[in-house]
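Below: one structure, written as C-alpha coordinates.
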Amino acid sequence: MFESPFLIGFALAYVFGLFAVAWLGDRMAWRRSGSGRPLIYALSISVYCTSWTFFGSVGLATTTGYDFLPVYLGPILLFVFGAPLINRIIDLSKRQNLTSAADFMAARYGKSQAVAATVTIVMVIGTLPYIALQLKAIAVAVATLLGEHALLPKDLPLRGVDEAIVITLILAAFAILFGTRHADATEHQDGLMLAIAVEGLVKLAAFLAVGAFVVWWMYSGPAQFWELAANDPRVQAVFQTTPSGGKWLTVTFLSLVCVLLLPRQFHVTVVENNSPAEVRRARWLFPLYLVLINLFVLPIAIAGLMLPPGVASDPDFYVLALPLSAEAATISMIAFIGGLSAATAMVIVEAVALSIMVSNGLVLPLLLRREIDSGEGSSGDLTGLVLAVRRGAILVILLL
(Lines give C-alpha, C1' and ligand atoms only; values in the text may rest on other atoms or scores of the structure.)
Protein backbone atom coordinates (compact mmCIF):
# COMPACT_ATOMS: atom_id res chain seq x y z
CA MET A 1 0.00 0.00 0.00
CA PHE A 2 2.88 2.36 0.77
CA GLU A 3 6.34 2.82 -0.69
CA SER A 4 9.36 2.89 1.60
CA PRO A 5 10.72 6.36 0.66
CA PHE A 6 7.30 7.98 1.10
CA LEU A 7 6.62 6.39 4.49
CA ILE A 8 10.08 7.04 5.91
CA GLY A 9 9.99 10.59 4.59
CA PHE A 10 6.56 11.17 6.10
CA ALA A 11 7.71 9.92 9.51
CA LEU A 12 10.84 12.05 9.41
CA ALA A 13 8.82 15.09 8.33
CA TYR A 14 6.53 14.58 11.31
CA VAL A 15 9.45 14.37 13.74
CA PHE A 16 11.08 17.45 12.23
CA GLY A 17 7.71 19.17 12.56
CA LEU A 18 8.03 18.56 16.29
CA PHE A 19 11.41 20.30 16.16
CA ALA A 20 9.64 23.35 14.73
CA VAL A 21 6.92 23.21 17.39
CA ALA A 22 9.48 22.99 20.19
CA TRP A 23 11.55 25.80 18.69
CA LEU A 24 8.51 28.05 18.43
CA GLY A 25 7.37 27.03 21.90
CA ASP A 26 10.55 28.42 23.41
CA ARG A 27 9.71 31.80 21.88
CA MET A 28 5.93 32.10 22.17
CA ALA A 29 4.21 34.73 24.27
CA TRP A 30 2.51 32.23 26.57
CA ARG A 31 5.90 31.35 28.02
CA ARG A 32 6.25 34.87 29.38
CA SER A 33 2.64 35.61 30.24
CA GLY A 34 1.67 32.17 31.46
CA SER A 35 -1.53 32.12 29.43
CA GLY A 36 -2.27 28.67 28.07
CA ARG A 37 0.29 27.04 30.31
CA PRO A 38 -2.25 25.02 32.39
CA LEU A 39 -3.63 23.45 29.20
CA ILE A 40 -0.15 22.55 27.94
CA TYR A 41 0.75 21.16 31.37
CA ALA A 42 -2.34 18.94 31.50
CA LEU A 43 -1.79 17.65 27.97
CA SER A 44 1.91 16.97 28.60
CA ILE A 45 0.97 14.55 31.39
CA SER A 46 -0.61 12.44 28.65
CA VAL A 47 2.92 11.20 27.94
CA TYR A 48 1.70 8.47 30.31
CA CYS A 49 -0.11 7.07 27.26
CA THR A 50 2.65 5.43 25.23
CA SER A 51 2.58 3.12 22.25
CA TRP A 52 1.39 0.46 24.69
CA THR A 53 -1.78 2.53 25.12
CA PHE A 54 -2.15 3.15 21.39
CA PHE A 55 -1.46 -0.43 20.29
CA GLY A 56 -1.13 -2.65 23.36
CA SER A 57 -4.39 -1.83 25.15
CA VAL A 58 -6.27 -3.26 22.18
CA GLY A 59 -4.05 -6.33 22.17
CA LEU A 60 -4.64 -6.90 25.89
CA ALA A 61 -8.39 -6.44 25.48
CA THR A 62 -8.48 -9.16 22.82
CA THR A 63 -7.06 -11.71 25.27
CA THR A 64 -8.20 -10.61 28.74
CA GLY A 65 -11.31 -8.55 28.06
CA TYR A 66 -11.55 -5.61 30.46
CA ASP A 67 -8.18 -6.07 32.20
CA PHE A 68 -6.66 -3.08 30.41
CA LEU A 69 -8.85 -0.68 32.42
CA PRO A 70 -6.92 -0.69 35.76
CA VAL A 71 -3.89 0.78 33.98
CA TYR A 72 -5.93 3.97 33.61
CA LEU A 73 -8.18 3.66 36.65
CA GLY A 74 -5.28 4.36 39.02
CA PRO A 75 -4.25 7.68 37.42
CA ILE A 76 -7.89 8.79 37.18
CA LEU A 77 -8.42 8.13 40.91
CA LEU A 78 -5.20 9.93 41.82
CA PHE A 79 -5.92 13.08 39.85
CA VAL A 80 -9.60 13.27 40.78
CA PHE A 81 -9.22 12.53 44.50
CA GLY A 82 -5.49 12.92 45.20
CA ALA A 83 -4.79 16.50 44.10
CA PRO A 84 -3.67 17.49 47.66
CA LEU A 85 -1.05 14.72 47.55
CA ILE A 86 0.17 15.86 44.12
CA ASN A 87 0.39 19.46 45.34
CA ARG A 88 2.27 18.33 48.45
CA ILE A 89 4.86 16.45 46.38
CA ILE A 90 5.26 19.43 44.04
CA ASP A 91 5.64 21.83 46.97
CA LEU A 92 8.30 19.67 48.61
CA SER A 93 10.18 19.31 45.35
CA LYS A 94 10.14 23.04 44.60
CA ARG A 95 11.28 24.02 48.09
CA GLN A 96 14.16 21.53 48.03
CA ASN A 97 15.05 22.02 44.32
CA LEU A 98 14.43 18.35 43.51
CA THR A 99 14.72 17.57 39.81
CA SER A 100 13.89 13.88 39.51
CA ALA A 101 12.16 10.96 41.17
CA ALA A 102 15.57 9.81 42.44
CA ASP A 103 16.14 13.18 44.11
CA PHE A 104 12.69 12.98 45.68
CA MET A 105 13.28 9.51 47.10
CA ALA A 106 16.72 10.50 48.38
CA ALA A 107 15.28 13.63 50.03
CA ARG A 108 12.96 11.47 52.11
CA TYR A 109 16.08 9.79 53.56
CA GLY A 110 18.14 12.83 54.45
CA LYS A 111 19.22 13.49 50.84
CA SER A 112 21.20 10.26 50.88
CA GLN A 113 23.48 9.99 47.86
CA ALA A 114 23.39 6.20 48.15
CA VAL A 115 19.59 6.20 47.86
CA ALA A 116 19.71 8.54 44.87
CA ALA A 117 22.26 6.34 43.11
CA THR A 118 20.33 3.15 43.85
CA VAL A 119 17.03 4.59 42.62
CA THR A 120 18.76 5.89 39.49
CA ILE A 121 20.26 2.51 38.64
CA VAL A 122 16.98 0.69 39.26
CA MET A 123 14.99 3.15 37.16
CA VAL A 124 17.45 3.11 34.26
CA ILE A 125 17.53 -0.70 34.16
CA GLY A 126 13.76 -0.95 34.59
CA THR A 127 12.98 1.66 31.95
CA LEU A 128 15.31 0.48 29.18
CA PRO A 129 12.97 -2.35 28.05
CA TYR A 130 10.04 0.08 27.98
CA ILE A 131 11.99 2.53 25.81
CA ALA A 132 12.96 -0.39 23.57
CA LEU A 133 9.27 -1.30 23.29
CA GLN A 134 8.52 2.18 21.90
CA LEU A 135 11.27 1.91 19.31
CA LYS A 136 10.09 -1.58 18.38
CA ALA A 137 6.54 -0.27 17.97
CA ILE A 138 7.78 2.35 15.50
CA ALA A 139 9.79 -0.23 13.53
CA VAL A 140 6.92 -2.74 13.41
CA ALA A 141 4.43 -0.04 12.41
CA VAL A 142 6.70 1.00 9.54
CA ALA A 143 7.17 -2.63 8.46
CA THR A 144 3.41 -3.21 8.66
CA LEU A 145 2.57 -0.34 6.35
CA LEU A 146 5.32 -1.40 3.96
CA GLY A 147 3.89 -4.91 3.86
CA GLU A 148 6.91 -6.57 5.47
CA HIS A 149 5.14 -7.53 8.68
CA ALA A 150 2.87 -10.54 9.05
CA LEU A 151 -0.18 -8.29 9.02
CA LEU A 152 0.14 -7.76 5.29
CA PRO A 153 2.63 -10.06 3.51
CA LYS A 154 4.21 -8.58 0.43
CA ASP A 155 7.56 -8.84 -1.36
CA LEU A 156 9.59 -5.65 -1.28
CA PRO A 157 13.27 -5.02 -2.02
CA LEU A 158 15.63 -4.52 0.89
CA ARG A 159 15.87 -0.88 1.86
CA GLY A 160 19.37 -1.13 3.33
CA VAL A 161 18.48 1.08 6.30
CA ASP A 162 17.33 0.34 9.83
CA GLU A 163 14.44 2.71 10.53
CA ALA A 164 14.66 2.10 14.27
CA ILE A 165 18.27 3.31 14.41
CA VAL A 166 17.48 6.39 12.30
CA ILE A 167 14.47 7.29 14.44
CA THR A 168 16.47 6.66 17.62
CA LEU A 169 19.24 9.05 16.59
CA ILE A 170 16.74 11.72 15.57
CA LEU A 171 14.88 11.41 18.88
CA ALA A 172 18.20 11.61 20.73
CA ALA A 173 18.99 14.83 18.86
CA PHE A 174 15.55 16.21 19.73
CA ALA A 175 15.95 15.37 23.43
CA ILE A 176 19.44 16.88 23.49
CA LEU A 177 18.43 20.11 21.72
CA PHE A 178 15.25 20.81 23.66
CA GLY A 179 15.71 18.88 26.90
CA THR A 180 19.24 19.92 27.87
CA ARG A 181 19.20 23.64 27.16
CA HIS A 182 19.96 24.57 30.78
CA ALA A 183 22.36 23.09 33.31
CA ASP A 184 19.80 23.91 36.03
CA ALA A 185 17.29 21.07 35.72
CA THR A 186 14.66 23.16 37.52
CA GLU A 187 14.52 25.47 34.48
CA HIS A 188 11.34 24.78 32.53
CA GLN A 189 11.70 23.29 29.05
CA ASP A 190 8.78 25.19 27.54
CA GLY A 191 9.37 24.18 23.93
CA LEU A 192 9.71 20.52 24.84
CA MET A 193 6.50 20.58 26.86
CA LEU A 194 4.61 22.26 24.02
CA ALA A 195 5.79 19.57 21.60
CA ILE A 196 4.72 16.82 24.02
CA ALA A 197 1.31 18.49 24.46
CA VAL A 198 0.87 18.62 20.69
CA GLU A 199 1.78 14.94 20.46
CA GLY A 200 -0.83 14.24 23.12
CA LEU A 201 -3.49 15.83 20.93
CA VAL A 202 -2.24 14.02 17.82
CA LYS A 203 -2.36 10.53 19.34
CA LEU A 204 -5.80 11.19 20.88
CA ALA A 205 -7.24 12.47 17.60
CA ALA A 206 -5.67 9.56 15.69
CA PHE A 207 -7.09 6.89 18.01
CA LEU A 208 -10.56 8.47 17.95
CA ALA A 209 -10.39 8.64 14.15
CA VAL A 210 -9.52 4.95 13.86
CA GLY A 211 -12.26 4.01 16.32
CA ALA A 212 -14.87 6.08 14.52
CA PHE A 213 -13.78 4.58 11.18
CA VAL A 214 -14.19 1.05 12.51
CA VAL A 215 -17.64 1.60 14.04
CA TRP A 216 -19.23 3.90 11.46
CA TRP A 217 -17.45 2.96 8.23
CA MET A 218 -16.57 -0.72 8.52
CA TYR A 219 -19.78 -1.64 10.36
CA SER A 220 -22.26 1.13 9.46
CA GLY A 221 -22.84 2.27 13.02
CA PRO A 222 -23.00 1.05 16.63
CA ALA A 223 -26.24 -0.91 16.23
CA GLN A 224 -24.91 -3.24 13.55
CA PHE A 225 -21.52 -3.45 15.20
CA TRP A 226 -22.79 -4.59 18.60
CA GLU A 227 -25.30 -6.97 17.02
CA LEU A 228 -22.52 -8.76 15.12
CA ALA A 229 -20.27 -8.74 18.19
CA ALA A 230 -23.01 -10.27 20.35
CA ASN A 231 -23.29 -13.21 17.95
CA ASP A 232 -19.57 -13.82 17.43
CA PRO A 233 -18.27 -16.77 19.50
CA ARG A 234 -14.69 -15.44 19.49
CA VAL A 235 -15.82 -12.18 21.06
CA GLN A 236 -18.04 -13.90 23.59
CA ALA A 237 -15.22 -16.24 24.64
CA VAL A 238 -13.02 -13.27 25.58
CA PHE A 239 -15.53 -10.93 27.20
CA GLN A 240 -17.50 -13.48 29.20
CA THR A 241 -14.51 -14.15 31.46
CA THR A 242 -14.75 -12.80 35.02
CA PRO A 243 -12.20 -10.06 35.84
CA SER A 244 -9.72 -10.89 38.60
CA GLY A 245 -10.31 -8.66 41.61
CA GLY A 246 -6.80 -9.15 42.93
CA LYS A 247 -5.23 -8.25 39.60
CA TRP A 248 -7.42 -5.17 39.26
CA LEU A 249 -6.50 -3.92 42.75
CA THR A 250 -2.78 -4.55 42.18
CA VAL A 251 -2.59 -2.91 38.75
CA THR A 252 -4.77 0.01 39.88
CA PHE A 253 -2.41 0.69 42.79
CA LEU A 254 0.72 0.29 40.64
CA SER A 255 -0.62 2.62 37.95
CA LEU A 256 -1.61 5.16 40.62
CA VAL A 257 2.01 5.19 41.83
CA CYS A 258 3.57 5.07 38.37
CA VAL A 259 1.69 8.10 37.05
CA LEU A 260 3.76 10.15 39.51
CA LEU A 261 6.98 8.21 40.03
CA LEU A 262 7.90 7.00 36.56
CA PRO A 263 10.84 9.23 35.51
CA ARG A 264 8.93 10.92 32.67
CA GLN A 265 5.80 11.39 34.80
CA PHE A 266 7.70 12.99 37.67
CA HIS A 267 9.38 15.30 35.18
CA VAL A 268 6.23 16.58 33.46
CA THR A 269 4.02 16.57 36.57
CA VAL A 270 6.42 17.87 39.22
CA VAL A 271 9.53 19.41 37.68
CA GLU A 272 7.66 21.23 34.89
CA ASN A 273 4.88 22.48 37.15
CA ASN A 274 4.59 26.27 37.46
CA SER A 275 1.60 26.82 39.73
CA PRO A 276 -1.31 25.17 41.59
CA ALA A 277 -3.57 26.39 38.76
CA GLU A 278 -1.93 23.83 36.47
CA VAL A 279 -2.79 20.99 38.83
CA ARG A 280 -6.37 22.25 39.07
CA ARG A 281 -6.66 22.11 35.28
CA ALA A 282 -5.00 18.69 35.07
CA ARG A 283 -7.26 17.37 37.83
CA TRP A 284 -10.17 17.09 35.41
CA LEU A 285 -8.56 17.36 31.98
CA PHE A 286 -6.11 14.46 32.34
CA PRO A 287 -8.79 11.98 33.56
CA LEU A 288 -11.01 13.15 30.69
CA TYR A 289 -8.14 12.52 28.29
CA LEU A 290 -7.71 8.97 29.63
CA VAL A 291 -11.42 8.27 29.20
CA LEU A 292 -11.41 9.56 25.62
CA ILE A 293 -8.30 7.70 24.49
CA ASN A 294 -9.81 4.45 25.80
CA LEU A 295 -13.24 5.09 24.34
CA PHE A 296 -12.70 2.89 21.28
CA VAL A 297 -10.36 0.26 22.76
CA LEU A 298 -13.12 -2.33 23.08
CA PRO A 299 -14.72 -1.65 19.64
CA ILE A 300 -11.32 -1.90 17.92
CA ALA A 301 -10.44 -5.07 19.85
CA ILE A 302 -13.79 -6.65 19.03
CA ALA A 303 -13.53 -5.65 15.36
CA GLY A 304 -10.06 -7.22 15.27
CA LEU A 305 -11.42 -10.45 16.71
CA MET A 306 -14.08 -10.50 13.99
CA LEU A 307 -11.54 -10.16 11.17
CA PRO A 308 -11.36 -13.17 8.86
CA PRO A 309 -8.67 -15.71 9.84
CA GLY A 310 -5.27 -14.88 8.39
CA VAL A 311 -5.90 -11.17 7.86
CA ALA A 312 -4.05 -10.12 11.01
CA SER A 313 -1.89 -12.23 13.31
CA ASP A 314 -0.83 -9.69 15.96
CA PRO A 315 -3.65 -8.25 18.13
CA ASP A 316 -1.32 -5.49 19.35
CA PHE A 317 -1.50 -3.97 15.88
CA TYR A 318 -5.22 -4.25 15.16
CA VAL A 319 -5.24 -0.44 15.14
CA LEU A 320 -3.20 -0.65 11.94
CA ALA A 321 -4.58 -3.95 10.63
CA LEU A 322 -8.21 -2.84 10.51
CA PRO A 323 -7.80 0.17 8.20
CA LEU A 324 -5.28 -1.83 6.14
CA SER A 325 -7.81 -4.65 5.71
CA ALA A 326 -10.34 -2.08 4.49
CA GLU A 327 -7.72 -0.56 2.15
CA ALA A 328 -8.19 2.83 3.81
CA ALA A 329 -4.82 4.46 3.15
CA THR A 330 -5.63 7.75 4.86
CA ILE A 331 -6.84 6.14 8.09
CA SER A 332 -3.83 3.81 8.02
CA MET A 333 -1.50 6.80 7.90
CA ILE A 334 -3.45 8.51 10.69
CA ALA A 335 -3.06 5.37 12.82
CA PHE A 336 0.65 5.25 12.04
CA ILE A 337 1.17 8.90 13.03
CA GLY A 338 -0.80 8.36 16.23
CA GLY A 339 1.39 5.42 17.20
CA LEU A 340 4.51 7.37 16.24
CA SER A 341 3.39 10.28 18.44
CA ALA A 342 2.76 8.01 21.40
CA ALA A 343 6.15 6.35 21.10
CA THR A 344 8.28 9.42 20.38
CA ALA A 345 6.77 11.47 23.23
CA MET A 346 7.60 8.76 25.74
CA VAL A 347 11.13 8.19 24.42
CA ILE A 348 12.02 11.89 24.42
CA VAL A 349 10.75 12.76 27.90
CA GLU A 350 11.98 9.51 29.44
CA ALA A 351 15.45 10.08 27.99
CA VAL A 352 15.57 13.64 29.35
CA ALA A 353 14.36 12.56 32.81
CA LEU A 354 16.80 9.64 33.01
CA SER A 355 19.70 11.83 31.84
CA ILE A 356 19.06 14.23 34.74
CA MET A 357 18.98 11.29 37.15
CA VAL A 358 22.20 9.80 35.77
CA SER A 359 23.90 13.19 35.89
CA ASN A 360 22.82 14.18 39.40
CA GLY A 361 22.70 10.74 40.96
CA LEU A 362 25.69 8.93 39.48
CA VAL A 363 28.22 10.73 37.30
CA LEU A 364 28.64 14.17 38.89
CA PRO A 365 28.89 12.89 42.49
CA LEU A 366 31.62 10.46 41.39
CA LEU A 367 33.53 13.19 39.53
CA LEU A 368 33.27 15.63 42.41
CA ARG A 369 34.31 12.99 44.92
CA ARG A 370 37.33 12.14 42.78
CA GLU A 371 38.34 15.83 42.66
CA ILE A 372 37.96 16.17 46.41
CA ASP A 373 39.93 12.98 47.08
CA SER A 374 42.71 14.17 44.79
CA GLY A 375 42.88 17.50 46.61
CA GLU A 376 42.06 19.53 43.49
CA GLY A 377 38.82 20.92 44.87
CA SER A 378 35.94 22.14 42.75
CA SER A 379 36.76 23.12 39.19
CA GLY A 380 34.43 26.16 39.32
CA ASP A 381 31.70 26.53 36.71
CA LEU A 382 30.35 23.04 35.99
CA THR A 383 27.75 24.10 33.42
CA GLY A 384 29.59 22.62 30.46
CA LEU A 385 30.30 19.38 32.28
CA VAL A 386 26.68 18.98 33.45
CA LEU A 387 25.30 19.51 29.95
CA ALA A 388 27.87 17.18 28.40
CA VAL A 389 27.02 14.42 30.88
CA ARG A 390 23.28 14.75 30.28
CA ARG A 391 23.64 14.80 26.51
CA GLY A 392 25.94 11.81 26.59
CA ALA A 393 23.52 9.97 28.88
CA ILE A 394 20.62 10.58 26.48
CA LEU A 395 22.57 9.15 23.55
CA VAL A 396 23.86 6.14 25.49
CA ILE A 397 20.45 5.30 27.00
CA LEU A 398 18.65 5.42 23.64
CA LEU A 399 21.35 3.41 21.89
CA LEU A 400 21.18 0.81 24.65
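For LYS247 and ASN97, the difference between the fully extended length at 0.36 nm per residue and the C-alpha to C-alpha distance is 50.3 nm.
Estimated from helices alone, the mean residue ellipticity of the chain at 222 nm is -22500 deg cm²/dmol (sum of -39500 (n - 2.57) over DSSP H runs with n ≥ 4, per residue).
Whole angstrom only: what separates the Cα centroid of the range 112-129 from the Cα centroid of the range 263-304? A separation of 25 Å, based on Cα centres. Which shape class applies to the range 223-369: rounded if a/c is under 1.5, otherwise prolate when a/b exceeds b/c and oblate if not, where a ≥ b ≥ c are the square roots of the Cα gyration tensor eigenvalues? Prolate shape, in that a/c is at least 1.5 and a/b is the bigger ratio.
Heavy atoms of the protein chains alone define the surface here; on that basis the chain has 42 Å² accessible area per residue at 1.4 Å probe size.
From most to least packed by mean Cβ count within 10 Å, the peptides 8-18, 342-352, 358-368 give 342-352, 358-368, 8-18. When a/c reaches 1.5 or more, the comparison of a/b and b/c decides; with that in mind, is the range 275-345 rounded, prolate or oblate per its Cα gyration tensor? Cα axes put the range 275-345 in the prolate bin. The peptide list 87-98, 324-335, put in order of mean Cβ contacts within 10 Å with the highest first, becomes 324-335, 87-98.
Heavy-atom surface analysis with a 1.4 Å probe gives the range 254-400 a carbon and sulfur content of 65 percent of its accessible area. Label sites at ALA114 and LEU295, each approximated as a point 7 angstrom past Cα along Cα to Cβ, lie 5.2 nm apart. Placing unit charges on the Cβ atoms of the charged side chains and taking the dipole of the chain about its Cα centre, the candidate lying farthest along the positive direction among GLY361, ILE90, ALA388 is ILE90.
Annotation for ALA20 and LEU77: the two label points, set 7 Å from Cα along the Cα-Cβ direction, are 4.4 nm apart.
At a Förster radius of 30 Å, what calculated FRET efficiency corresponds to the Cβ-Cβ distance of ALA13 and LEU288, to the nearest 0.05? Working shown, then result.
Details: r = 30 Å, r/R0 = 1.01.
The computed FRET efficiency comes out at 0.50.
This model, with +1 at the C-beta of Lys and Arg and -1 at the C-beta of Asp and Glu, gives the chain a dipole about its Cα centre of some 1020 debye.
The slack in the chain from GLN224 to LEU307, taken as 0.36 nm per residue of separation less the alpha-carbon distance, amounts to 28.4 nm.
Largest to smallest in accessible area, the residues PHE81, PHE6, PHE174, PHE253 fall in the order PHE81, PHE253, PHE6, PHE174 (1.4 Å probe, all protein chains included). Put simply, when 103-113, 218-228 are sorted by average Cβ atoms within 10 angstrom per residue, most first, you get 103-113, 218-228.
Going by the alpha-carbon gyration tensor, a ≥ b ≥ c the square roots of its eigenvalues, is the chain rounded (a/c under 1.5) or, if a/c is not under 1.5, prolate (a/b greater than b/c) versus oblate?
On the way: a/c = 1.99, a/b = 1.57, b/c = 1.26.
Prolate, because a/c is 1.5 or more and a/b exceeds b/c.
You can think of it this way: the chain between ALA329 and ASP314 has 3.4 nm of extra reach, that is 0.36 nm per residue less the Cα-Cα gap. Find out how many positive minus negative residues lie around LEU192, taking Lys and Arg as positive, Asp and Glu as negative, among other residues whose Cβ is under 10 Å from that of LEU192. Its environment carries a net charge of -2.
Annotation: TYR130 carries an accessible surface of approximately 70 Å², with a 1.4 Å probe and no ligand, DNA or RNA atoms counted.
Of the DSSP H helices in the chain, those that are both long (alpha-carbon extent of 30 Å or more along the helix axis) and hydrophobic (Kyte-Doolittle mean at least -1.0) are 4-25, 113-146, 190-212, 329-358.
The values are calculated or read from the model by the stated rules, or taken from the named source; none is laboratory data. Just so it is clear, the structure is predicted and the values come from calculations on it, not from any experiment. Cβ: placed from backbone, ideal geometry, glycine included. Neighbour counts: every protein chain shown. Surface areas here come from the heavy atoms of the whole protein model, side chains and all, with no ligands, DNA or RNA. Shrake-Rupley method; radii C 1.70, N 1.55, O 1.52, S 1.80 Å.
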